[in-house]
2 protein chains.
Amino acid sequence: MTTITWQSVQAEALRRIRSREWPPGAQIPHEADLATELGCARATVNRALRDLASAGLLDRKRKAGTRVPLNPVRKATFDIPIIRLDVQARGLPYTYRLLHQTTAAPPPDVAQRLMLPGDTPMIHILALHLAANAPFCLEDRWINPAATPHITTADLSEISANEWLVQNAAFTAGDVALSAIAAPPATAHHLNCPPGAPLFTVDRTTWAGATPITCVRLCYAPGHQMQAKI
Amino acid sequence: MTTITWQSVQAEALRRIRSREWPPGAQIPHEADLATELGCARATVNRALRDLASAGLLDRKRKAGTRVPLNPVRKATFDIPIIRLDVQARGLPYTYRLLHQTTAAPPPDVAQRLMLPGDTPMIHILALHLAANAPFCLEDRWINPAATPHITTADLSEISANEWLVQNAAFTAGDVALSAIAAPPATAHHLNCPPGAPLFTVDRTTWAGATPITCVRLCYAPGHQMQAKI
DNA sequence: TCGATTATTATGTACACACATATAAATACT
DNA sequence: AGTATTTATATGTGTGTACATAATAATCGA
């Protein structure tokens, strides 16, 4: 006897959505009915549909039931790797250069993004990540020392702040903004590219609960691509 | 009596990871032990830890148990909205202009990305999405008509291919590449920006099972940001 | 007729149990 | 010693039940 898995239920639901057996906007049978129809427990159907809903392929509401959205908003995910591992995964030797480190009050926009008073002294890092001795990524970071007291004892010329933080300050949430900017002169100099070159840029702010940890701008050398999956 | 929820178990696990009560690299108690310790069923612990693992915060292997990864690879997600809704969500009026539509054999790189023979005739679309009458995004798309026969009857000057496909060709998988490019002259002309301007660019290929559906390059006007969440 | 209150109902989740499955560890075998 | 086989174990998943919760639909009252 073959048992129905939640994956098979999910596949069947997906098939019905794609074939328009469940057309956009329509309500689909409720869990109990599907369970009896497909010959499995409601929990199995629940798991299958819950996952589809979190992927944006179904809308579920208590009492209202489950329906196929008219305008599904699909979600894509990408990894946030340690830059060293990102480079090494490409088969390139990695090096790292700490360009600058101070403790100072952050510029207003950084303070605002971290929701901290503007006069809080923070650690400022400017560092260059290199792949095969070519500039790969310029890291411009502000760290809230109150969130990570140990960092004052870390030697950030040996290990990148990026890596230190990933290993020592597990964060619970963060937001990321992706954009393309024209390389400012100083950045262009560090990345060894012409000023104005298009740079793929990641602005990231991370939190441990309600405590802001760090806020970083990563400017990647021209030509960089970031991969994501749907 | 207060019942333990999987969320509370997850929060407690997260706390232990952050506090290094479960240090990086260490193995954590197995599900059954945690269940008895926290006073809940193993299924509840399983759900909590499974979700943490899919977020990259734990590594789980059968028999080997669960451990805190030394180098956690966190995952961020972003929405893939219909461009019209993206514009309207910013409170701007949306317009759309079909610039070009033909049926032809695709260039080799497109054929390769879709894993189709190079001589398959495909639909090629060039369209401009505008926000408040300013260029917002240039869409350069190739569509496999074999995957979506109905599209030949769609009037793509009225509804964008982007929107038509989302509503009519639910895909099961896709990959996305994000990058920054210097605006080529033609693109710059359409987006009304100087040639060479940094453009945030999304290259997306989508599939319905093993059948390739479409492959699109979206070039956003300078200054565009894409938001993601961790 | 309208607004507040009360059912009704579909999803969300917890639990106890059972069995499946991957795989590390131990054992037997050559 | 090295390899193949077995065993033990932690996670993965399905089932049936029970109750919680949100939100719609029905009912009631002014």
Label point 7 Å out from A:Lys229 along Cα-to-Cβ: which residues of segment B:135-178 have amide N under 19 Å? B:171-178
Considering amide H positions built from the backbone, and no H for Pro or chain starts, which residues 5 or more places from B:Leu58, or on another chain, come under 5 Å of its amide H? B:Ala53
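Between rounded, prolate and oblate, where does segment B:188-230 land on the alpha carbon gyration tensor, with a ≥ b ≥ c its root eigenvalues, rounded for a/c under 1.5, else prolate if a/b exceeds b/c? The partial results should precede the final answer.
Values: a/c = 4.49, a/b = 1.68, b/c = 2.67.
Cα axes put segment B:188-230 in the oblate bin.
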Which links in A:Lys61/A:Lys229; A:Lys61/B:Lys75; A:Lys75/B:Lys63; B:Lys61/B:Lys229; B:Lys63/B:Lys229; A:Lys61/B:Lys61 stretch past 29 Å when you go from one Cα to the other? A:Lys75/B:Lys63; B:Lys63/B:Lys229; A:Lys61/B:Lys61
Quotient of Cα Rg and 2.2 N^0.38 Å for chain B, N being how many residues it contains: 1.36
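When a/c is below 1.5 the answer is rounded, else prolate if a/b is larger than b/c, else oblate, so apply that to segment B:6-67 with a ≥ b ≥ c taken from the square roots of the Cα gyration tensor eigenvalues. Kindly include the intermediate steps, with their values, before the conclusion.
Details: a/c = 1.35, a/b = 1.18, b/c = 1.15.
Verdict is rounded for segment B:6-67.
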From the square roots a ≥ b ≥ c of the eigenvalues of the alpha-carbon gyration tensor of the protein assembly as shown, which class results: rounded (a/c under 1.5), prolate (a/b over b/c), or oblate? oblate
7 Å along Cα→Cβ for the label point: how many nanometres lie between B:Gly209 and each equivalent label in the other copies, listed shortest first? 5.0
Residue by residue through segment A:19-27, which ³J(HN,Hα) values in whole Hz follow from phi under the Karplus form 6.51 cos²θ - 1.76 cosθ + 1.60 (θ = phi - 60°), with glycine and proline marked x? 7, 6, 4, 10, x, x, x, 7, 8
Taking a probe of 1.4 Å and counting only protein heavy atoms, give the total accessible area buried between chains A and B in Å², rounded to the nearest 100. 4500 Å²
What whole number of Å gives the distance from the Cα centroid of segment B:130-149 to the Cα centroid of segment A:9-65? 30 Å
Read phi for every residue in segment A:170-182 and hand back ³J(HN,Hα) as whole Hz from Karplus 6.51 cos²θ - 1.76 cosθ + 1.60, θ = phi - 60°, with x for Gly and Pro. 4, 9, 9, 8, x, 10, 10, 10, 10, 7, 10, 10, 7
Around A:Met122, which amide H atoms from residues at least 5 apart in sequence, or from another chain, sit under 5 Å from its own amide H, with H modelled in the peptide plane? A:Ala104, A:Ala105
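Calculate what fraction, in whole %, of the accessible area of segment B:6-67 sits on carbon and sulfur atoms when a 1.4 Å probe is rolled over the protein chains. Present the calculation step by step, with values, prior to reporting the outcome.
Numbers: 1760 of 3470 Å².
C and S atoms contribute 51 percent here.
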What number, rounded to the nearest 500 deg cm²/dmol, is the helix-based mean residue ellipticity at 222 nm of chain A, given -39500 (n - 2.57) per DSSP H run of at least four residues and division by all its residues? -7500 deg cm²/dmol
Using the Karplus curve 6.51 cos²θ - 1.76 cosθ + 1.60 with θ = phi - 60°, what ³J(HN,Hα) values do you get for each residue of segment A:53-59, in whole Hz, with x for Gly and Pro? 5, 5, 7, x, 8, 9, 10
Please list, in chain and number order, the residues 5+ apart from A:Ala170 or on another chain whose amide H is under 5 Å from its amide H, with Hs placed from the backbone. none
Between segment B:200-230 and segment A:164-230, the Cα center-to-center distance that results, in Å: 19 Å
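The values are calculated or read from the model by the stated rules, or taken from the named source; none is laboratory data. Because the structure is a prediction, the values reported are computed rather than measured. Cβ atoms come from the backbone with ideal geometry, glycine included; neighbour counts cover every protein chain shown. Quick note on the areas: whole protein, heavy atoms, side chains included, nothing else; ligands and nucleic acids left out. Shrake-Rupley method; radii C 1.70, N 1.55, O 1.52, S 1.80 Å.
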